[in-house]
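**Q** Okay, handing you the structure first.
The values are calculated or read from the model by the stated rules, or taken from the named source; none is laboratory data. From a predicted model like this one, the values you see are computed outputs, not experimental measurements. Cβ coordinates were reconstructed from backbone atoms using ideal geometry, including for glycine residues, and neighbour counts include every protein chain displayed.
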């Protein structure tokens, strides 16, 4: 039986160990503040309350992560993708990775890699002010010197960990916001040079190369590039190829379709999208499993866009479809690893998580296990 790499995104906000989290969650235990308030009060029109069976635990505690790693592995999740941030001249929300995961005694049982979540930070995380999503608290754009420092720091602190996730021996590094990434350097030519410099640093550290992975956002255009940029108006595929992307994947299905409505129908739409992409023969595209979507927990008013019918049984059916896509992709679409990304391990405020709750228990994890484990 094939072995699959089931890689779940980790939202590292469920801790108050970093003082700057109090800007958004002043009670001192991270975004659990939002989840807990909703579980206490419920939400009209949405499927809440939902409560974590493990409680409102501190995920920067290595003992907590030891338990979570063991549970994840038992159910077929063998990779964590940590959302990683750099705001205001320094990293943000690193505690869950540094103090929780990497200090867990069993962390070598689980591989991990980083997604630089380089979007702007606004008031989405602060329910008191979430009606205002225009104000930028911190920009996700850095200058070239800072990116150079980020590369050095990432190689030394993370790539050199023996359980960092590799494809063909190359450490995988994901970029969330390709537009903001280009804005760091001003032009696509300068961006390509920065990627090539990152590759050179990775090779100098003893690896064959870097595996650069971008989050795919359908229908993005590049008319906004500066006049004179040779890629102004280029297609997304042309940008991927120009920058030397090794692969793409999705953060969740909302990046490629209208993520609203019946989960079964959305599963069909997503797999059709994946099949159409492959017909174009573009950059290798690793499939994504999205457990659901409803982020009204973060708002004081109803926000349209709610996925319904995402029961463990329906998620299991989606797993079967994605397994088949992965198997075929290893033969025909240039996929070099049996990788499926999952949104997510713990995105409670987006109602897209694998962790057990008081609604379905361990149902989502059992769906993963039943399809991908012997």
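**Q** Of all residues in segment 4-52, which are assigned to a helix (DSSP H, G or I), closer than 18 Å to residue 350 by Cα and in contact with a strand residue (DSSP E or B) (Cβ under 9 Å, 6 or more places away or on another chain)?
**A** 32, 35, 38, 39, 41
**Q** A follow-up question, please. Looking only at segment 143-153, filter to residues that are within 18 Å of residue 93 (Cβ to Cβ) and either touching a residue at least 60 places away in the same chain (Cβ under 8 Å) or touching a helix residue (DSSP H, G or I) at 6+ places or on another chain (Cβ under 7 Å) (or both); which one of those is surrounded by the most Cβ atoms within 10 Å (Cβ to Cβ)?
**A** My answer is 150.
**Q** Take segment 245-273 and flag every residue that is in contact with a helix residue (DSSP H, G or I) (Cβ under 6 Å, 6 or more places away or on another chain), more than 21 Å from residue 303 (Cβ to Cβ) and surrounded by fewer than 21 Cβ atoms within 10 Å (Cβ to Cβ).
**A** 264, 271 - these are the residues of segment 245-273 that are in contact with a helix residue (DSSP H, G or I) (Cβ under 6 Å, 6 or more places away or on another chain), more than 21 Å from residue 303 (Cβ to Cβ) and surrounded by fewer than 21 Cβ atoms within 10 Å (Cβ to Cβ).
**Q** Out of curiosity, is residue 73 farther than 29 Å from residue 140 by Cβ and part of a helix (DSSP H, G or I)?
**A** So residue 73 fits the description; yes.
**Q** Could you check, for segment 54-62, whether at least one of its residues is more than 21 Å from residue 362 (Cα to Cα), surrounded by fewer than 22 Cβ atoms within 10 Å (Cβ to Cβ) and out of contact with any strand residue (DSSP E or B) (no Cβ under 8 Å at 6 or more places or on another chain)?
**A** Checking segment 54-62: at least one residue is more than 21 Å from residue 362 (Cα to Cα), surrounded by fewer than 22 Cβ atoms within 10 Å (Cβ to Cβ) and out of contact with any strand residue (DSSP E or B) (no Cβ under 8 Å at 6 or more places or on another chain).
**Q** Sticking with this one: What tally of residues in segment 299-326 results from selecting those that are within 22 Å of residue 37 (Cα to Cα), assigned to a loop (DSSP other than H, G, I, E, B) and touching a residue at least 40 places away in the same chain (Cβ under 8 Å)?
**A** Final tally of qualifying residues: 7.
**Q** Sort through 296, 300 and tell me the only one that's closer than 25 Å to residue 42 by Cα and loosely packed, with under 13 Cβ neighbours inside 10 Å.
**A** Exactly one residue qualifies, and that residue is 300.
**Q** Among 20, 51, which is in contact with a helix residue (DSSP H, G or I) (Cβ under 7 Å, 6 or more places away or on another chain), over 30 Å from residue 248 (Cβ atoms) and touching a residue at least 12 places away in the same chain (Cβ under 8 Å)?
**A** Answer to the selection: 51.
**Q** Can you tell me which residue within segment 338-374, out of those that are surrounded by fewer than 20 Cβ atoms within 10 Å (Cβ to Cβ) and farther than 18 Å from residue 309 by Cα, is nearest to the chain's Cα centre (by Cα)?
**A** 338
**Q** Restricting the search to segment 113-143, which residues are within 17 Å of the chain's Cα centre (by Cα) and either part of a strand (DSSP E or B) or modelled with pLDDT under 95 (or both)?
**A** 113, 114, 115, 116, 121
**Q** Quick check: is even one residue across segment 239-251 assigned to a helix (DSSP H, G or I) and under 19 Å from the mean Cα position of the chain (by Cα)?
**A** Within segment 239-251, one or more residues are assigned to a helix (DSSP H, G or I) and under 19 Å from the mean Cα position of the chain (by Cα).
**Q** Looking at residue 97 and the list (1) outside any loop (DSSP other than H, G, I, E, B); (2) within 30 Å of residue 302 (Cα to Cα); (3) under 19 Å from the mean Cα position of the chain (by Cα), which single condition is not satisfied?
**A** Tallying (1) outside any loop (DSSP other than H, G, I, E, B); (2) within 30 Å of residue 302 (Cα to Cα); (3) under 19 Å from the mean Cα position of the chain (by Cα), residue 97 fails exactly one: (2).
**Q** Restricting attention to segment 85-111, which residues are closer than 18 Å to residue 69 by Cβ, touching a strand residue (DSSP E or B) at 6+ places or on another chain (Cβ under 6 Å) and either surrounded by fewer than 20 Cβ atoms within 10 Å (Cβ to Cβ) or modelled with pLDDT under 95 (or both)?
**A** Within segment 85-111, just 111 meets the criteria.
**Q** Are any of the residues in segment 25-42 within 23 Å of residue 319 (Cα to Cα) and either within 20 Å of the chain's Cα centre (by Cα) or surrounded by 21 or more Cβ atoms within 10 Å (Cβ to Cβ) (or both)?
**A** No, segment 25-42 has no match at all.
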